[in-house]
Amino acid sequence: MENGEESVLRSRCRAFPKMPTFPDLDSSLDGEHSLGEHRQGNGDNHITSNGKIEVEHVISKKLQLKRKAEFLKSDLMRQFDSQVNDFMDCLIEESASLEPAPIPAVFSPPLSEKERSKLRHFRPPHGQGKQFVSRRSLLDELFEVNHIRTIYHMFIALLILFILSTLVVDFIDEGRLVLDFDLLVYAFGQSPLVVCTWICMFLSVLLVPYALFHLWSHTQYGSYSHPSLYNLLFGSVFLLYQALGLGFLPTYVVVTNSLPPASCFIIILEQVRLMMKAHSFVRENVPRVLAWAKDKTSPSPVVPQVSQYFYFLFAPTLIYRDKYPRNPVIRWGYVATKLLQFRSVSLQLFDLKAMVLCVFNSILPGVLVLFLGFFAFLHCWLNAFAEMLRFADRMFYKDWWNSTSFANYYRTWNVVVHDWLYYYVYRDFLWMSQKRFRPAAMLFVFTVSAVVHEYILAICFGFFYPVLFCLFMCFGMMFNFILHDQRKGPIWNIIMWTSLFLGQGVIICLYSHEWYAQRYCPLKEPSFLELLKPRSWSCQRGLMVDSDRL
C-alpha cells in the first residue's frame, strides 16, 4: 500500500528542482576569482610602496560579494517558497485519493470483486481534481456508537415532548386542538407557479449547455477554420444564457409575482445550484476537447452522453464526472428514514439596548436553525437523494463541530459547495494569476460566497439588508486569519462555537426585525436611498408620528 501511494505521489507531484544557477552571477564571481589570482601572481599590484594592502579596495569587494549573496539568497528563497506551495497543493489533492477504510456491510451489500476493482482503479479525468470514492456520511457512522445514538434519541424525545406540550397547551387554553397551518400555507404559496418555473429552469439547463457544448466540440475538428472565433462565439452564448436564462428570468418571476419566502428560496436556491452545475459541466469537459484537438489521439473528442449529464443534474455534488462510484442497490427503508427525520411583534424603537437583548434572545433560535439546516439538508436530504441515485460518495460534510479554527470550519461545514469554490474559483484564480496572488484568491472566494448568499437572502426576503455580507466579509475574513489551522486545543474550539452562536443570534435578530418593519412600516413613495436604508432603524418613529396625528 505504501509503495503504491509513493508511486502515485511521484507520478503526480513534481519533484523539487535542482539548485538554480545564475550564469551572470557565476561568471562574474569566476572572473573576479581568476582576476584575483592573476593579480596575486603578478606580485604587488595591490601592494603599496610601504607594503600595506589597499583597504578601500578590499572593503568594496566585500560589499559587492555581500550584495550578490543577498540577491542569491532572496532568489533561492522565492523559488523554494513557490516549489513548497506547489508541492503542498499537490499533496492535498493526492490525500483525497488514498484508499478509504473498508465500508461496513450495513451501508450497502458486499460488493463483488469486479465492482471493487472498478472503484479501486477509478480516476477522474486528467488525473486531477476531486476524486469520488465510496464512503458513508459521518453521522451515519457516529450513530452506530451507542453513546452518540443515545444523545440523538434524547433530542428526538425532546422534540416529541415539545410538540405534545404545544398541543396540550392549545387544548387547555382553547378547549380544542389548534392546528394552525396558516403560516405554512403562506410560506409555500403559489405552488403551481413555483413548479412551472422549476420545470422551465431544469429543462433549459438540460438542453442549452449540453447542446452548446456538443455543437462547439464539432468545431474543433480540422475541417473547421478559425476555431478561436467559434470559441468566442459559443463561450459568449453560454455566458449570455447563464446571465439571462438562469440569472435574470427566475429572479424576474420571483420579484414580479411577490412569491412568499419559502417559495422564493426554492426557486433561487435551485437557480444557484443549476448555474453551478452548468458551469462545472462546461469547465470539466472543455479541457478534454481542447486536449484532443491538440493531440488528436482518437478519431473524435470525448463528449459525455446525455444520460451522464442528466444524472449529474440530480446527483448530490457540484463537481462533474462521467462516472461516480455507485451502490449496487437502493435501500428504500434508508430513504424513508432520512425523509421522515426530517405572531407576537414588538414595535419598540430598535436602539442599542433593544438590539443587545434581541441578539442574546435570538441565540437559541439561531442555533436551532443552524443545527436543523445542517441535519435536514446536508445529512437527511442529500443522503436520501444519494441513496435513490445509488451515489456512493456520501462525504457531504466533515467533522466541522470539532474545528478549532474558522478556516477548518469553512472547509468542513459544506463540502459540496466548498469543492466547487475550491476547484472553480480558488484554483482557477491561481491558474490565471500563475499562482502569484494566493491572498487575493482567498479574498475572491470569500467575496463570491458572500455576494451569492446575500443575493439569495435579498431576493427571498424582499429587502436589501447586508448583515450576512458584512459578517462574512469582516468578521469571517478576520476570524479566518486569527483562528487559523495552527490554533489547536479545546479552548479554540470553545471560541469557535461561541463566535458561531453569537453570529447566528445577530443574523436571526436583525433579519427578523427588518422583516416585520418592512410589513408594519411600508413607505408610500420610497426613494432609492430609502429602499437601501434598513426600515427597522426608523420604523417606530413613523408609527409615533402617525399616532400623534390621530
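Quick one: what pairs do we get from the range 284-300, first residue on the phi < 0 side of the Ramachandran plot, second part of a helix (DSSP H, G or I) and polar (S, T, N, Q), C-beta under 6 Å, 6+ apart or different chains?
Val289/Ser217
Within the range 139-164, which residues are at pLDDT below 75 and either open to solvent by less than 100 Å² (accessible area, probe 1.4 Å) or more than 22 Å from Ala376 (Cβ to Cβ) (or both)?
Selection gives Ile163 alone.
Within the range 199-217, take every residue that is closer than 21 Å to Ile266 by Cα and in contact with a Pro (Cβ under 9 Å, 6 or more places away or on another chain) and give me the one that is least open to solvent (accessible area, probe 1.4 Å).
Of everything passing the filter in the range 199-217, Met201 is least open to solvent (accessible area, probe 1.4 Å).
Among all residue pairs at least 6 apart or on different chains, which show Cβ distances below 9 Å where the first residue, located in the range 147-174, is of a type outside the set (Phe, Trp, Tyr) and the second is modelled with pLDDT of 75 or more and open to solvent by less than 100 Å² (accessible area, probe 1.4 Å)?
Ile148/Leu139; Ile148/Leu142; Arg149/Leu142; Arg149/Phe143
Scan the range 332-346 and give yes if some residue there is at pLDDT below 85, open to solvent by less than 20 Å² (accessible area, probe 1.4 Å) and part of a helix (DSSP H, G or I), otherwise no.
Yes; the residues of the range 332-346 include at least one that is at pLDDT below 85, open to solvent by less than 20 Å² (accessible area, probe 1.4 Å) and part of a helix (DSSP H, G or I).
Taking the criterion of being in contact with a helix residue (DSSP H, G or I) (Cβ under 9 Å, 6 or more places away or on another chain), at pLDDT 85 or above and outside any helix (DSSP H, G or I), would at least one residue in the range 375-391 satisfy it?
The answer is yes, given that some residue of the range 375-391 is in contact with a helix residue (DSSP H, G or I) (Cβ under 9 Å, 6 or more places away or on another chain), at pLDDT 85 or above and outside any helix (DSSP H, G or I).
If we keep just the residues of the range 186-236 that are aromatic (Phe, Trp, Tyr) and in a helix (DSSP H, G or I), which is farthest from Leu259 (Cα to Cα)?
Top of the filtered list is Tyr230.
Can you give me the number of residues within the range 383-408 that are open to solvent by 20 Å² or more (accessible area, probe 1.4 Å) and at negative phi?
Number of matching residues: 10.
The values are calculated or read from the model by the stated rules, or taken from the named source; none is laboratory data. Just so it is clear, the structure is predicted and the values come from calculations on it, not from any experiment. Heads up, the Cβs are rebuilt from the backbone with ideal geometry, glycines too, and the neighbour counts pull from every protein chain shown. Just so you know, the surface numbers come from the protein's heavy atoms only, side chains and all, with ligands and any DNA or RNA stripped out. Shrake-Rupley method; radii C 1.70, N 1.55, O 1.52, S 1.80 Å.
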